[in-house]
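First the structure, in the form of structure tokens, and then the observations on it.
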Amino acid sequence: MADSKSATLRLEDKEIELPIYSPTAGPDVLDIRKLYAQGGVFTYDPGFTSTASCDSTITFIDGDKGELLHRGYPIDQLAEKSHYLEVCYLLLYGELPTGEQLEEFENLVTNHTMLHDQMTYFFRGFRRDAHPMAILVGVVGAMSAFYHDSTDISDPHQREVASIRLIAKMPTIAAWAYKYHIGQPFVYPRNDLDYASNFLRMCFAVPAEEYEVNPILARAMDRIFTLHADHEQNASTSTVRLASSSGANPFACIAAGIACLWGPAHGGANQACLEMLEEIGSVDRIPEYIARAKDKSDPFRLMGFGHRVYKNFDPRATVMKQSADEVLELLGVENNPKLQVAKALEKQALDDPYFAEKKLFPNVDFYSGIILEAMGFPTSMFTPIFALSRTVGWISQWKEQLEDPHHKIGRPRQLYQGDTTRDYIDVEKR
Ligand code: SDX
């Protein structure tokens with residue numbers, strides 16, 4: 001990073017020069033790494049709204065323009081012309097694959113979709129009503145107990161093996177978490193099916209009959225995977241980077257990312273959105289909930305609306321909306337009450353000046369929840385599908401950090417507001 005520019009910070013009797021670096025896209029950054037040593041002060045930025053935690057070449061978001069690039073390619077072009085495993089290759093290796101490279105990569109992933117058979121016992125340790133995300137966190141973390149030959153992060157080959165294993169096995173783990181939850185037998189992956197079709201079949205097939213994957217649903221599923229693949233330094237990706245900075249093995253780092261994604265403010269929003277639609281119940285109750293969303297004294301927020309970075313329409317939501325319309329038309333579920341409420345809520349919120357002023361538009365989770373509901377997934381499976389999709393983003397960012405020779409353990413400081421030193425008081429004297 002050439003630091004031809006700098007900013008001067010005047011602190012009481014000191015002047016500190018802080019280098020400024022210019023990116024290929026987005027805002028300049030102020031390098032404050034020497035600030036504490038030279039100025040004796042910390043910066044203060046809870047939530048990191050003004051903080052770049054790393055430099056990266058993988059994904060770029062322009063929140064004002066509503067733009068999302070993966071290695072420079074706009075998400076709408078990738079969603080239209082590419083498919084998930086090709087986007088995985090792009091995120092992992094930085095370039096679109098040749099035909100031969102793509103075939104080799106797809107074969108590699110396809111031939112690693114099975115789990116060590118001993119792992120099936122892990123699922124049986126959970127209660128049947130365990131949330132599938134709890135199973136995902138547990139089983140992915142446990143992979144470090146099974147795949148010892150891909151846990152040494154200092155070995156590039158082992159990092160590569162762990163990457164492929166995670167991308168290949170997440171659909172099987174997520175599908176089996178669902179099957180276990182509903183009391184049906186596990187369905188094994190098939191090597192003659194593409195990634196999305198394999199996942200749908202593992203979720204919805206039963207041994208009692210043949211299951212034919214509907215190509216429109218497979219395409220919509222693949223598009224959901226693609227649209228959730230990576231998203232800069234969001235909360236769960238930052239969690240994976242921070243976990244990895246201590247040298248933790250890849251499976252433990254991805255389990256940490258899954259745990260963070262579970263929250264309703266993040267990846268849990270698609271489940272929270274459908275639960276909100278269910279609570280609203282009917283179109284005539286929408287104004288009551290919009291009023292609550294505007295009421296500062298009410299903690300209620302419209303799930304599936306708003307975004308920390310996008311202050312314009314989430315470009316993924318635009319593409320997802322097209323898929324939602326296709327799937328609803330195919331499945332003829334326009335009369336599903338939750339989906340009717342969704343359509344009416346979208347229109348009323350977009351027409352409401354409050355949401356326009358605060359730039360609160362439907363985000364990717366609003367429409368993905370609608371599609372998954374229409375496909376027959378229970379809301380508890382929405383976030384596991386998000387986690388499955390985001391695994392490649394977590395892995396790509398994890399890989400990028402480990403390949404940076406200057407990376408070090410993350411260790412934020414704090415603005416301490418607690419008690420200063422005081423002496424212990426014996427219990428008799430308290
Ligand atoms: C994801 O980071 C990522 O990239 C995440 C993600 C990814 O791909 O990894 O994109 C995936 O997590 C999408 C977001 C899913 N979350 C939800 O749909 C939950 C509902 N949304 C909100 O909780 C909220 O919008 C956040 C958490 C997403 C963003 O929170 P911020 O940054 O605090 O929102 P903001 O600063 O932009 O809020 C501006 C104003 C505030 O009001 P004021 O204090 O200015 O008066 O808008 C209000 C907020 O109270 N507001 C909402 C709202 N979201 C923000 N009011 C009602 N409903 C909402 N959904």
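The values are calculated or read from the model by the stated rules, or taken from the named source; none is laboratory data. Everything quoted here is computed from the prediction, not taken from an experiment. A quick note on method: Cβ atoms are made from the backbone with ideal geometry, for glycine too, and the neighbour counts reach across all protein chains shown. Protein only, heavy atoms only, side chains kept; ligands, DNA and RNA dropped before computing areas. Shrake-Rupley method; radii C 1.70, N 1.55, O 1.52, S 1.80 Å.
Numbers below:
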{"quantity": "Residue match in the range 367-390 (condition: over 29 Å from residue 167 (Cα atoms), open to solvent by less than 10 Å² (accessible area, probe 1.4 Å) and within 13 Å of the ligand (Cβ to nearest atom))", "calculated": "no"}
{"quantity": "Filter pass, residue 319 being of a type in the set (A, V, I, L, M) and in contact with a strand residue (DSSP E or B) (Cβ under 9 Å, 6 or more places away or on another chain)", "calculated": "no"}
{"quantity": "Search result, residues across the range 54-63 that are more than 16 Å from residue 91 (Cβ to Cβ) and either basic (Lys, Arg) or surrounded by 14 or more Cβ atoms within 10 Å (Cβ to Cβ) (or both)", "calculated": "62, 63"}
{"quantity": "The range 235-261, residues that are within 11 Å of the ligand (Cβ to nearest atom) and touching a residue at least 40 places away in the same chain (Cβ under 8 Å)", "calculated": "236, 237, 238, 257, 261"}
{"quantity": "Residues of the range 119-151 satisfying the condition of being part of a loop (DSSP other than H, G, I, E, B) and open to solvent by 60 Å² or more (accessible area, probe 1.4 Å)", "calculated": "125, 127, 128, 129"}
{"quantity": "Test: residue 351 is at pLDDT 90 or above and away from the ligand (no atom under 11 Å from the Cβ)", "calculated": "yes"}
{"quantity": "Residue match in the range 204-215 (condition: in contact (Cβ under 8 Å) with a residue 12 or more places away in the chain, in a helix (DSSP H, G or I) and open to solvent by less than 60 Å² (accessible area, probe 1.4 Å))", "calculated": "yes"}
{"quantity": "The listed residue being in a strand (DSSP E or B) and exposed (fewer than 11 other Cβ atoms within 10 Å of the Cβ), out of 10, 33", "calculated": "10"}
{"quantity": "Yes/no for residue 70 being touching a Ser or Thr at 6+ places or on another chain (Cβ under 8 Å), within 24 Å of residue 307 (Cα to Cα) and not basic (Lys, Arg)", "calculated": "yes"}
{"quantity": "Matching entry among 26, 47, 66 (being within 16 Å of the ligand (Cβ to nearest atom) and buried (at least 17 other Cβ atoms within 10 Å of the Cβ))", "calculated": "66"}
{"quantity": "Within the range 307-333, tally of residues that are away from the ligand (no atom under 13 Å from the Cβ) and in contact with a helix residue (DSSP H, G or I) (Cβ under 6 Å, 6 or more places away or on another chain)", "calculated": "9"}
{"quantity": "Tabulated pairs, the range 17-40, first more than 16 Å from residue 5 (Cβ to Cβ), second not hydrophobic (A, V, I, L, M, F, W, C), C-beta under 8 angstrom, 6+ apart or interchain", "calculated": "25/62; 35/43; 36/413; 38/14; 39/14"}
{"quantity": "Total residues in the range 173-200, condition part of a helix (DSSP H, G or I) and open to solvent by 40 Å² or more (accessible area, probe 1.4 Å)", "calculated": "2"}
{"quantity": "Residue 411 near the ligand (Cβ under 9 Å from one of its atoms), open to solvent by 50 Å² or more (accessible area, probe 1.4 Å) and either in a loop (DSSP other than H, G, I, E, B) or over 23 Å from residue 73 (Cβ atoms) (or both)", "calculated": "no"}
{"quantity": "Criterion violated by residue 356 - all others in (1) closer than 24 Å to residue 61 by Cα; (2) within 16 Å of the ligand (Cβ to nearest atom); (3) surrounded by 14 or more Cβ atoms within 10 Å (Cβ to Cβ) satisfied", "calculated": "(3)"}
{"quantity": "Qualifying residue in the range 339-347 (condition: near the ligand (Cβ under 10 Å from one of its atoms) and open to solvent by less than 30 Å² (accessible area, probe 1.4 Å))", "calculated": "no"}
{"quantity": "Subset tally (residues that are within 12 Å of the chain's Cα centre (by Cα) and of a type in the set (A, V, I, L, M)) for the range 380-430", "calculated": "5"}
{"quantity": "Helices (runs of 4 or more DSSP H) contained entirely in the range 332-394, each with at least 3 residues that are among the aromatic types (Phe, Trp, Tyr) and in contact (Cβ under 8 Å) with a residue 40 or more places away in the chain", "calculated": "none"}
{"quantity": "So residue 85, is it in a helix (DSSP H, G or I), at pLDDT 95 or above and closer than 14 Å to residue 222 by Cβ", "calculated": "yes"}
{"quantity": "Among (1) touching a residue at least 24 places away in the same chain (Cβ under 8 Å); (2) crowded, with 19+ Cβ neighbours inside 10 Å, the one test that residue 116 misses", "calculated": "(2)"}
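Each row is one residue, and each column tells you yes or no for (1) within 22 Å of residue 111 (Cβ to Cβ); (2) not hydrophobic (A, V, I, L, M, F, W, C).
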position	(1), (2)
195	yes, yes
199	yes, no
206	no, no
211	yes, yes
215	no, yes
220	no, no
223	no, yes
